[in-house]
């Protein structure tokens, strides 16, 4: 299992603006909660701040940061050595979810076996973007095709092809 990335992106790989998500869909949030519940989630310091420095419930929260984070709550741990963390966990039986932000996605993309991407059929102004990736390297499964607020989107699962 090991690393899986989960994100909601626009047509041009838009992720967020001003340290917040740019797309808010109830069904996508439900998918995120149900998919990551009872798993470990890895995030960067900016994502941690965007969550109000509160851990996501029913998950082990890991924050990747070189700066020392103080007074972390229960179920929250800091990771400061990325290479050591990847080496220790890349063959784990547990599915570990990478939940953002953009720089964390970029770091983990080469190591992720699965990408859960809510792909929105819309563009929005953004200041952070999901890293480009070669879709030819993955098998695509559309899990859900939905419309909310007159915007169409698919919740897709990309599984890295075996070499």
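Extension gain for the segment residue 77 to residue 109, taken as residue separation times 0.36 nm less the Cα-Cα distance, is 9.4 nm to one decimal. For the pair the range 106-150 and the range 1-69, the centres of their Cα atoms are 14 angstrom apart. With the cut-off at under 17 Å, measuring from each backbone N in the range 126-163 to a point 7 Å along the Cα-to-Cβ line of residue 27 picks out 141-157. Protection proxy ranking, highest mean first, for peptides 20-33, 142-155: 20-33, 142-155, where packing is the per-residue count of other beta-carbon atoms within 10 Å, averaged. Compared with the alpha-carbon gap, the fully stretched path from residue 132 to residue 95 is longer by 11.1 nm at 0.36 nm per residue. Label separation (residue 122 vs residue 139): 3.3 nm, computed from points 7 Å beyond Cα along the C-beta direction. Structural descriptor for the chain: relative contact order 34 percent, calculated from alpha carbon pairs under 8 angstrom and at least 6 residues apart.
Each reported figure results from applying straightforward, stated rules to the coordinates on display, with no laboratory input. The shown structure was predicted, so the numbers you read here are calculated from the model rather than taken from an experiment. Virtual Cβ from ideal backbone geometry, glycine too; neighbours counted across all protein chains shown.
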